[in-house]
Amino acid sequence: MDTIDQNLEQIRQRIRAAEQHFGRPAGSVSLLAVSKTRPTQDVLAAYHAGQRLFGESYVQEALEKIEALKEYSLEWHFIGPVQSNKTKHLATHFDWVHSVDRFKIAQRLNDQRPGNLTPLNICLQINVSGEASKAGAQPEAVPELARAIAELPRLRLRGLMAIPARHTEFATQRQPFHRLRVLQAQLIDAGLPLDTLSMGMTNDLEAAIAEGSTLVRVGAGIFGPRAATAP
Ligand SMILES: *Cc1c(COP(=O)(O)O)cnc(C)c1O
(Lines give C-alpha, C1' and ligand atoms only; values in the text may rest on other atoms or scores of the structure.)
Protein backbone atom coordinates (compact mmCIF):
# COMPACT_ATOMS: atom_id res chain seq x y z
CA MET A 1 0.00 0.00 0.00
CA ASP A 2 1.44 3.34 -0.97
CA THR A 3 -0.04 6.38 0.72
CA ILE A 4 3.07 8.57 0.56
CA ASP A 5 1.93 10.11 -2.70
CA GLN A 6 -1.56 10.81 -1.27
CA ASN A 7 -0.06 12.32 1.89
CA LEU A 8 2.26 14.48 -0.21
CA GLU A 9 -0.68 15.74 -2.23
CA GLN A 10 -2.55 16.63 0.96
CA ILE A 11 0.42 18.54 2.35
CA ARG A 12 0.82 20.40 -0.95
CA GLN A 13 -2.84 21.34 -0.77
CA ARG A 14 -2.44 22.61 2.80
CA ILE A 15 0.52 24.73 1.67
CA ARG A 16 -1.39 26.12 -1.32
CA ALA A 17 -4.43 26.90 0.82
CA ALA A 18 -2.31 28.67 3.45
CA GLU A 19 -0.44 30.68 0.81
CA GLN A 20 -3.76 31.84 -0.58
CA HIS A 21 -5.37 32.50 2.80
CA PHE A 22 -2.48 34.57 4.14
CA GLY A 23 -1.79 36.53 0.99
CA ARG A 24 1.45 34.77 0.14
CA PRO A 25 2.38 34.39 -3.54
CA ALA A 26 1.57 30.94 -4.96
CA GLY A 27 4.70 28.80 -4.87
CA SER A 28 6.53 30.98 -2.33
CA VAL A 29 6.67 28.17 0.25
CA SER A 30 8.87 25.14 -0.49
CA LEU A 31 8.32 21.71 1.00
CA LEU A 32 11.15 19.83 2.70
CA ALA A 33 10.22 16.17 3.22
CA VAL A 34 11.74 15.08 6.55
CA SER A 35 12.79 11.48 5.95
CA LYS A 36 14.70 10.83 9.20
CA THR A 37 14.12 7.29 10.50
CA ARG A 38 12.46 6.30 7.18
CA PRO A 39 13.85 3.68 4.83
CA THR A 40 15.35 4.58 1.47
CA GLN A 41 12.35 3.13 -0.30
CA ASP A 42 10.10 5.75 1.32
CA VAL A 43 12.36 8.51 0.01
CA LEU A 44 12.13 6.92 -3.42
CA ALA A 45 8.33 6.76 -3.20
CA ALA A 46 8.26 10.49 -2.43
CA TYR A 47 10.68 11.14 -5.28
CA HIS A 48 8.37 9.32 -7.69
CA ALA A 49 5.55 11.54 -6.41
CA GLY A 50 7.60 14.58 -7.44
CA GLN A 51 9.37 15.46 -4.18
CA ARG A 52 13.00 16.64 -4.49
CA LEU A 53 14.02 18.24 -1.16
CA PHE A 54 14.71 15.89 1.75
CA GLY A 55 15.66 16.61 5.37
CA GLU A 56 17.68 14.33 7.66
CA SER A 57 18.64 14.61 11.34
CA TYR A 58 21.08 11.76 11.95
CA VAL A 59 24.36 11.77 10.04
CA GLN A 60 25.07 8.05 9.69
CA GLU A 61 21.56 7.18 8.61
CA ALA A 62 21.53 10.07 6.15
CA LEU A 63 24.84 9.09 4.55
CA GLU A 64 23.48 5.64 3.76
CA LYS A 65 20.43 7.05 2.01
CA ILE A 66 22.42 9.69 0.15
CA GLU A 67 24.81 7.03 -1.12
CA ALA A 68 21.96 4.66 -2.10
CA LEU A 69 20.17 7.44 -3.99
CA LYS A 70 23.13 9.21 -5.58
CA GLU A 71 21.83 8.54 -9.12
CA TYR A 72 18.76 10.67 -8.39
CA SER A 73 18.93 14.42 -8.34
CA LEU A 74 17.79 15.12 -4.80
CA GLU A 75 18.61 18.09 -2.58
CA TRP A 76 19.69 17.05 0.93
CA HIS A 77 19.15 19.28 3.97
CA PHE A 78 20.63 18.54 7.37
CA ILE A 79 18.26 19.64 10.15
CA GLY A 80 19.57 17.81 13.25
CA PRO A 81 21.99 18.80 15.98
CA VAL A 82 25.52 19.32 14.58
CA GLN A 83 28.43 17.70 16.39
CA SER A 84 31.79 19.14 15.46
CA ASN A 85 33.28 15.71 14.67
CA LYS A 86 30.57 15.22 11.98
CA THR A 87 30.94 18.49 10.11
CA LYS A 88 33.08 16.96 7.37
CA HIS A 89 30.26 14.61 6.34
CA LEU A 90 27.82 17.51 6.29
CA ALA A 91 30.15 19.73 4.26
CA THR A 92 30.76 16.95 1.75
CA HIS A 93 27.34 15.36 1.26
CA PHE A 94 24.68 17.98 1.97
CA ASP A 95 23.33 21.01 0.08
CA TRP A 96 22.00 22.78 3.16
CA VAL A 97 22.57 22.79 6.93
CA HIS A 98 19.69 24.39 8.87
CA SER A 99 20.97 23.87 12.38
CA VAL A 100 24.09 26.05 12.71
CA ASP A 101 24.06 27.86 16.05
CA ARG A 102 27.68 28.78 16.73
CA PHE A 103 30.61 30.18 14.80
CA LYS A 104 32.96 27.27 15.40
CA ILE A 105 30.62 24.91 13.53
CA ALA A 106 30.25 27.36 10.64
CA GLN A 107 34.01 27.76 10.41
CA ARG A 108 34.52 24.00 10.21
CA LEU A 109 31.82 23.61 7.55
CA ASN A 110 33.45 26.42 5.56
CA ASP A 111 36.92 24.90 5.81
CA GLN A 112 35.66 21.42 4.91
CA ARG A 113 33.36 22.32 2.00
CA PRO A 114 35.00 20.78 -1.09
CA GLY A 115 36.16 23.31 -3.67
CA ASN A 116 34.33 21.60 -6.55
CA LEU A 117 30.93 22.14 -4.89
CA THR A 118 28.89 25.32 -4.69
CA PRO A 119 28.94 27.09 -1.30
CA LEU A 120 26.99 25.24 1.40
CA ASN A 121 23.61 26.86 2.16
CA ILE A 122 23.24 27.73 5.84
CA CYS A 123 20.42 28.64 8.19
CA LEU A 124 21.06 29.79 11.74
CA GLN A 125 18.99 27.90 14.26
CA ILE A 126 17.49 30.33 16.75
CA ASN A 127 16.30 29.55 20.26
CA VAL A 128 13.15 31.64 20.17
CA SER A 129 11.75 31.61 23.70
CA GLY A 130 9.34 28.81 24.48
CA GLU A 131 11.32 26.38 22.39
CA ALA A 132 11.20 22.72 23.29
CA SER A 133 14.90 22.07 22.72
CA LYS A 134 17.73 24.11 24.14
CA ALA A 135 19.46 24.11 20.76
CA GLY A 136 19.83 27.33 18.86
CA ALA A 137 21.57 30.67 19.19
CA GLN A 138 20.11 33.29 21.54
CA PRO A 139 18.38 36.03 19.50
CA GLU A 140 20.61 38.75 21.03
CA ALA A 141 23.71 36.98 19.76
CA VAL A 142 22.44 36.55 16.22
CA PRO A 143 23.39 39.85 14.50
CA GLU A 144 27.07 39.41 15.32
CA LEU A 145 27.03 35.68 14.55
CA ALA A 146 25.27 36.26 11.22
CA ARG A 147 27.75 38.97 10.18
CA ALA A 148 30.69 36.69 10.95
CA ILE A 149 29.24 33.71 9.10
CA ALA A 150 28.32 35.84 6.08
CA GLU A 151 32.07 36.49 5.63
CA LEU A 152 32.90 32.81 5.14
CA PRO A 153 33.42 32.24 1.40
CA ARG A 154 32.47 28.55 1.22
CA LEU A 155 29.14 29.13 2.97
CA ARG A 156 26.07 31.01 1.82
CA LEU A 157 24.01 32.31 4.71
CA ARG A 158 20.39 31.94 3.60
CA GLY A 159 18.25 32.54 6.67
CA LEU A 160 16.90 31.43 10.02
CA MET A 161 15.40 28.24 11.41
CA ALA A 162 13.52 27.42 14.61
CA ILE A 163 11.81 24.46 16.27
CA PRO A 164 9.26 25.97 18.66
CA ALA A 165 7.55 24.03 21.43
CA ARG A 166 4.39 22.27 20.33
CA HIS A 167 1.14 24.16 20.77
CA THR A 168 -2.29 23.36 19.44
CA GLU A 169 -3.66 26.88 19.43
CA PHE A 170 -3.05 28.80 16.24
CA ALA A 171 -2.41 32.21 17.85
CA THR A 172 0.14 30.65 20.21
CA GLN A 173 1.83 28.79 17.36
CA ARG A 174 2.31 32.07 15.49
CA GLN A 175 4.23 33.86 18.26
CA PRO A 176 7.69 32.25 17.92
CA PHE A 177 7.40 32.33 14.13
CA HIS A 178 6.63 36.03 14.36
CA ARG A 179 9.74 36.59 16.46
CA LEU A 180 11.82 34.76 13.87
CA ARG A 181 10.39 36.91 11.09
CA VAL A 182 11.16 40.13 13.00
CA LEU A 183 14.72 38.95 13.58
CA GLN A 184 15.12 38.19 9.88
CA ALA A 185 13.85 41.67 9.00
CA GLN A 186 16.44 43.21 11.34
CA LEU A 187 19.23 41.26 9.70
CA ILE A 188 18.04 42.25 6.23
CA ASP A 189 17.98 45.90 7.38
CA ALA A 190 21.56 45.43 8.55
CA GLY A 191 22.53 44.46 5.00
CA LEU A 192 22.43 40.66 5.06
CA PRO A 193 20.52 39.32 2.05
CA LEU A 194 18.58 36.52 3.80
CA ASP A 195 15.85 34.87 1.74
CA THR A 196 14.87 31.88 3.88
CA LEU A 197 12.71 31.26 6.92
CA SER A 198 12.83 27.54 7.71
CA MET A 199 9.83 27.13 9.98
CA GLY A 200 6.68 25.05 10.27
CA MET A 201 6.20 21.30 10.61
CA THR A 202 3.26 18.92 10.19
CA ASN A 203 1.25 20.41 13.06
CA ASP A 204 1.92 24.12 12.64
CA LEU A 205 2.74 24.77 9.00
CA GLU A 206 -0.24 27.12 8.51
CA ALA A 207 0.90 29.34 11.40
CA ALA A 208 4.42 29.38 9.96
CA ILE A 209 3.18 30.31 6.49
CA ALA A 210 1.06 33.08 8.02
CA GLU A 211 4.30 34.50 9.45
CA GLY A 212 6.35 34.27 6.27
CA SER A 213 7.85 30.78 6.21
CA THR A 214 9.59 30.01 2.92
CA LEU A 215 10.37 26.36 3.73
CA VAL A 216 8.22 24.02 5.80
CA ARG A 217 9.77 20.81 7.14
CA VAL A 218 7.23 18.00 7.14
CA GLY A 219 7.85 14.45 8.34
CA ALA A 220 4.84 12.67 9.85
CA GLY A 221 2.40 14.37 7.49
CA ILE A 222 4.14 12.71 4.54
CA PHE A 223 5.58 9.46 5.87
CA GLY A 224 3.19 8.71 8.76
CA PRO A 225 3.89 8.71 12.50
CA ARG A 226 7.47 7.97 13.56
CA ALA A 227 8.48 5.33 16.08
CA ALA A 228 9.05 6.96 19.47
CA THR A 229 12.83 6.49 19.63
CA ALA A 230 15.52 7.65 17.25
CA PRO A 231 17.88 5.03 15.76
C1 LIG B 1 11.48 15.70 12.77
C2 LIG B 1 11.63 17.12 12.39
C3 LIG B 1 10.67 17.76 11.59
C4 LIG B 1 9.41 17.09 11.10
O5 LIG B 1 8.45 17.05 12.12
P6 LIG B 1 6.98 16.44 11.82
O7 LIG B 1 6.21 16.81 13.03
O8 LIG B 1 7.17 14.97 11.64
O9 LIG B 1 6.48 17.09 10.60
C10 LIG B 1 10.91 19.08 11.23
N11 LIG B 1 12.02 19.73 11.64
C12 LIG B 1 12.95 19.15 12.42
C13 LIG B 1 14.15 19.94 12.82
C14 LIG B 1 12.79 17.84 12.82
O15 LIG B 1 13.72 17.28 13.61
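Taking amide H as placed 1.01 Å from N in the peptide plane, Val34 has its amide H under 5 Å from the amide H of Gly55, Val218, Gly219, each at least 5 places away in sequence or on another chain.
Less than 5 angstrom separates the built amide H of Gly80 from none of the residues sequence-distant by 5 or more or on a different chain. A helix-only calculation puts the chain at -12000 deg cm²/dmol for mean residue ellipticity at 222 nm, using -39500 (n - 2.57) for each DSSP H run of at least four residues, averaged over all residues.
About the centre of its Cα atoms, the chain shows a dipole size close to 340 debye [charges on the beta carbon of Lys, Arg (+1) and Asp, Glu (-1) only; nearest 20 debye].
Per-residue 3J(HN,Hα) values for region 43-50, derived from phi via the Karplus relation 6.51 cos²θ - 1.76 cosθ + 1.60 with θ = phi - 60°, read 4, 5, 4, 5, 4, 5, 8, x Hz in sequence order (x marks Gly and Pro).
GluC sites (Glu not before Pro) within region 162-231: which are DSSP loop residues with at most 11 other Cβ atoms inside 10 Å? Spell out each step's value before the answer.
Numbers: sites: Glu169, Glu206, Glu211; in loops: Glu169, Glu211.
Here the GluC sites (Glu not before Pro) that fit, given the DSSP loop and packing criteria, are Glu169.
The charge dipole of region 1-106, taken about its Cα centre with unit charges on the Cβ atoms of Lys, Arg (+1), Asp and Glu (-1) only, comes to about 420 debye. In region 99-231, taking the dipole from charged Cβ atoms about the Cα centre, the farthest positive-side position among Gln175, Ile149, Leu215 is held by Ile149. Net charge of the neighbourhood of Leu117, taken over other residues with C-beta under 12 Å away and scored Lys/Arg +1, Asp/Glu -1, is +2.
Taking the Cα centre as origin and putting +1 on Lys and Arg beta-carbons and -1 on Asp and Glu beta-carbons, what dipole magnitude results for region 172-231, to the nearest 20 debye?
180
With the charge dipole of region 19-127 set up from +1 on Lys and Arg Cβ and -1 on Asp and Glu Cβ about the Cα centre, the Cα lying farthest toward the positive end among the listed residues Gln83, Pro114, Phe103 is that of Phe103. From most to least packed by mean Cβ count within 10 Å, the peptides 74-81, 180-187 give 74-81, 180-187. Residues whose amide H falls under 5 Å from that of Gln125, counting only those 5 or more places apart or on a different chain, are Val100, Asp101, Ala137, Met161, with hydrogens built in the peptide plane. Were the residues from Val182 through Glu151 laid out at 0.36 nm apart, the gain over their Cα-Cα distance would be 8.9 nm.
Sorted by mean Cβ packing within 10 Å, highest first, what order do the peptides 135-142, 118-125 take?
Put in order of decreasing packing, that is 118-125, 135-142.
Computed from backbone phi, the HN-Hα couplings of region 83-99 come to 9, 5, 7, 10, 4, 4, 4, 5, 5, 8, 10, 10, 9, 9, 10, 8, 10 Hz, rounded to whole numbers (Karplus: 6.51 cos²θ - 1.76 cosθ + 1.60, θ = phi - 60°; Gly and Pro given as x). Among the protein heavy atoms of region 87-225, carbon and sulfur supply 53% of the accessible surface, probe 1.4 Å, non-protein parts ignored.
Along region 169-182 the Karplus relation, 6.51 cos²θ - 1.76 cosθ + 1.60 evaluated at θ = phi - 60°, assigns HN-Hα couplings of 7, 4, 4, 6, 4, 5, 4, x, 5, 5, 4, 5, 5, 5 Hz to successive residues, with x for each Gly and Pro.
The values are calculated or read from the model by the stated rules, or taken from the named source; none is laboratory data. Model, not experiment: these values are computed from the prediction. Don't worry about glycine lacking a Cβ; one is built from the backbone with ideal geometry, like all the others, and counts go over all protein chains shown. The accessibility values were calculated without ligands, DNA or RNA, using every heavy atom of the protein model including side chains. Shrake-Rupley method; radii C 1.70, N 1.55, O 1.52, S 1.80 Å.
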